[in-house]
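Only one structure is covered here, and it is reproduced in the block below.
The values are calculated or read from the model by the stated rules, or taken from the named source; none is laboratory data. Predicted model, so just to flag it, every value in this text is computed and none were measured. Cβ sites come from the backbone with ideal geometry, for glycine too, and all protein chains shown count toward neighbours.
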Amino acid sequence: MLHHSFVEADIWQEHKCVLDSCRYLSTQGFEVTYLPVMPNGLISLSDLRAALRPDTSVVSVMMVNNEIGVIQPMAEISETLKAYAKENKTTKAFFHTDAAQALGKIPIDVEEMGIDAMSLSGHKIYGPKGVGAAYVRRRPRVRIEPLIHGGGQERGLRSGTVPSSLVVGLGEACRIAKREMAADHERVKGLANRLIKGITSEVDHIVRNGDPNGYPGCVNLSFAYVEGESLLMALKVSYHLLSYFINC
């Protein structure tokens, strides 16, 4: 949360790209508020409401978490911002979301969700690396400082020659992802259930982290009484792809 000003979800809920942006803004005179999340990983709407201030300018919440798969209640968050602004007769804070992990995984409707700005990344849906997209609401208009000044491309937000091949690749990846979304979700859900059932039926003291109604492609389990590195070494076999650190 930026107060002339910014509200941000829990420091463990958001991606480093957003957190580092918040840290930079804090050096520029902005005050950043980090909200905790509930045990299931969801943001508390009452905590959000309590943290809002008349000078809150931006609220940023990741739509789908890349580690535990929790899906945040975007429409309810937007309604909370609108209600606060109406009751306090202030300008509504802009609502931004990092939707990189949500793209192609769940339906996204910026109108229904009340999103003002949204960040997307191509490689998350097997598009070209090095290209992404930024949705910026036009009505009511959201004004953003340009990243690069010059030719005025991308409506002045990011000047420079548009990489046509990357843009076309991203667009085609989005088209295919939308077409395959429902079938892919069911396939991934079946694989996730098989994985969870297989592990929990053979091993005791397993805790599943996050909201069980989240995106099934991100299964996060805690193994009691064992360190992660020791577990990783014990599982090193040829048909597993394993890493000690989480990739985004």
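If I go through the stretch 97-128 residue by residue, how many of them are touching a residue at least 12 places away in the same chain (Cβ under 8 Å) and in a loop (DSSP other than H, G, I, E, B)? Steps first, please.
Going through the stretch 97-128, the residues touching a residue at least 12 places away in the same chain (Cβ under 8 Å) turn out to be 97-108, 110, 112-122, 124-128.
This time we only want the ones that are in a loop (DSSP other than H, G, I, E, B), so: 99-108, 114-116, 126-128.
Qualifying residue count for the region: 16.
Residue-wise test of (1) more than 17 Å from the chain's Cα centre (by Cα); (2) of a type in the set (Gly, Ala, Ser).
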site: 126; (1), (2): yes, no
site: 136; (1), (2): no, no
site: 159; (1), (2): yes, yes
site: 165; (1), (2): yes, yes
site: 178; (1), (2): yes, no
site: 199; (1), (2): yes, no
Legend entry - Which numbered condition residue 73 misses (of (1) within 28 Å of residue 179 (Cα to Cα); (2) touching a helix residue (DSSP H, G or I) at 6+ places or on another chain (Cβ under 7 Å); (3) surrounded by fewer than 19 Cβ atoms within 10 Å (Cβ to Cβ)): (2)
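Counting just the residues of the stretch 209-231 that are assigned to a loop (DSSP other than H, G, I, E, B) and among the aromatic types (Phe, Trp, Tyr), which one comes out surrounded by the most Cβ atoms within 10 Å (Cβ to Cβ)?
Start the filter on the stretch 209-231 by keeping residues that are assigned to a loop (DSSP other than H, G, I, E, B), which leaves 209-220, 224-227.
Remaining after also requiring among the aromatic types (Phe, Trp, Tyr): 215, 225.
Values: 215: 24, 225: 6.
Only one residue tops the list, namely 215.
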Legend entry - Failed item in (1) out of contact with any helix residue (DSSP H, G or I) (no Cβ under 9 Å at 6 or more places or on another chain); (2) modelled with pLDDT of 95 or more; (3) crowded, with 20+ Cβ neighbours inside 10 Å, with residue 105 passing the rest: (1)
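Conditions tested, residue by residue: (1) within 24 Å of residue 41 (Cβ to Cβ); (2) modelled with pLDDT of 95 or more; (3) surrounded by 10 or more Cβ atoms within 10 Å (Cβ to Cβ).
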| position | (1), (2), (3) |
| --- | --- |
| 173 | no, yes, yes |
| 204 | yes, no, no |
| 207 | yes, no, yes |
| 233 | no, no, yes |
| 243 | yes, no, no |
Inset, instruction - Scan the stretch 131-148 and give yes if some residue there is under 16 Å from residue 62 (Cα atoms) and part of a helix (DSSP H, G or I), otherwise no. - result: no
